[in-house]
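Step one of this worksheet: look at the structure below.
The values are calculated or read from the model by the stated rules, or taken from the named source; none is laboratory data. Everything numeric here is computed off the predicted structure, so don't read it as measured data. Note: ideal-geometry Cβ built from the backbone for every residue, glycine included; neighbour counts use all protein chains shown. The area values use the complete protein model at the heavy-atom level, side chains included, leaving out ligands, DNA and RNA. Shrake-Rupley method; radii C 1.70, N 1.55, O 1.52, S 1.80 Å.
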Amino acid sequence: MENSIYFDGRHYDALWPGLHRQNELDFYLRRIQEFGGPVLELGCGTGQLTIRLAQAGVNVTGLDLSEPMLTHARRKASAQKVDIVWVRADCRDFVLNQQFGFSFFPANALLHLLHWRDLQACLTQVKKHLKPGGAFAFEIFNPALPMLMRDPNSTYHVGVYPDPDGHNSVTITENNTYDAASQINHIHWTYHRDGQSEQAQADLNLRMYYPQEIDALLHYNGFDLRAKYGDYDETPFKGDSSRQLIVCTPN
């Protein structure tokens, strides 16, 4: 296993087989109906959402930086006989020679942009690739201080899943250290395979964007906030919402 949680799309899907629930899919389908297509999904990963959108008749392109995740996505799309354009690229620097009616960045993947300059670069590319009247949506955590301030020496359970390589099951535990100065949560995963003493390690660093901060960053990078929800049922965002679900348009 490589030092990244995205080392193998099979393991990712085995851990989170139902990561994207029906209400999430329905939310994005409503936005696609509102703003039109074609659709660009950034951070598409193994295509859990991408494939279901294509099955619903959406013309969708999936973009991700991880080749192992895209390899698994291509394999699944072929098995499902759906036509999707898969692109390996960095969301901060991509050229597709196409414009989209709607683009989105699901499942907290935008939090991999660890500095405001990274976010700025991504938003610049998104804007270049949107049609006039197009929109961009993304989901990020609403930072929860009790979780961020956990004891870094304590270990917490993440999940258990059947090992795709046939070694019974894999258990994942984590610990984290939050750097309040950089607003980056440094998460460390340990993979425990049944019957094996050797453990694999992986790191996951996520930038926390606070509610007023992300609103300001969108504004100063040329986007108007159309809506901010606390959940996929379009409940208005509140201080105790677990997520920030944002829809914005270039100004």
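Sorting check: for 214-222, 234-242, 51-59, which peptide has the highest mean count of neighbouring beta carbons within 10 Å, and how do the rest follow? Display every interim value, and only then the final one.
Details: 214-222: 15.9, 234-242: 11.3, 51-59: 17.4.
Result, highest mean Cβ count within 10 Å first: 51-59, 214-222, 234-242.
With all protein chains present, how much of the accessible area of the chain (probe radius 1.4 Å) comes from carbon and sulfur, to the nearest whole percent? Write down the numbers at each step before the final one.
Working: 5870 of 11840 Å².
C and S fraction of accessible area: 50 percent.
Given the -39500 (n - 2.57) contribution per DSSP H run of 4+ residues, what per-residue ellipticity at 222 nm results for the chain, rounded to the nearest 500 deg cm²/dmol? Before the final figure, lay out each step's value.
Numbers: 7 runs with 70 residues, N = 251.
Rounded to the nearest 500, it is -8000 deg cm²/dmol.
To the nearest 0.05, what FRET efficiency results for Met147 and Gln98 with a Förster distance of 35 Å applied to their C-beta separation?
Details: r = 39 Å, r/R0 = 1.11.
The calculated FRET efficiency here is 0.35.
Once you place label points 7 Å from the Cα toward the Cβ at Arg243 and Asn59, how far apart are they in nm?
2.7 nm
Please compute the contact order of the chain in relative form: average sequence separation of alpha-carbon pairs under 8 Å and at least six residues apart, divided by the residue count, as a percent.
Values: 503 pairs, mean separation 44.8, N = 251.
Averaging sequence separation for qualifying contacts and normalising by length gives 18 percent for the chain.
Taking N as the number of residues in the stretch 19-169, what is its alpha-carbon radius of gyration divided by 2.2 N^0.38 Å?
It is 1.14.
Students often get this wrong: which residues of the stretch 129-154 have the backbone nitrogen under 20 Å from the point 7 angstrom along Cα-to-C-beta of Asn108?
137-154
Rounded to whole Å and ordered largest first, report the semi-axes of the equivalent ellipsoid of the stretch 111-225 derived from its Cα gyration tensor (root of 5λ).
Details: eigenvalues 245, 70, 24 Å².
Gyration-tensor ellipsoid for the stretch 111-225: 35, 19, 11 Å.
Sequence neighbours fewer than 8 away in the same chain don't count; with that in mind, list the aspartates and glutamates whose C-alpha is under 17 Å from Lys128.
Glu41, Asp90, Asp93, Asp118, Asp224
List the residues of the stretch 6-27 whose backbone N lies under 17 Å from a point placed 7 Å from the Cα of Ser169 along the Cα-to-Cβ direction.
Of the residues in the stretch 6-27, 11-18 have backbone N under 17 Å from the label point off Ser169.
Would you please put 93-103, 63-73 in order of how densely packed they are, using the mean number of other Cβ atoms within 10 angstrom per residue and starting with the highest? Show your work: numbers first, answer last.
Working: 93-103: 16.2, 63-73: 20.5.
So the order, starting with the most tightly packed, is 63-73, 93-103.
Name the lysines eligible as straight-distance cross-link partners of Lys238: C-alpha to C-alpha under 17 Å, and not fewer than 8 places from it in the same chain.
Lys228
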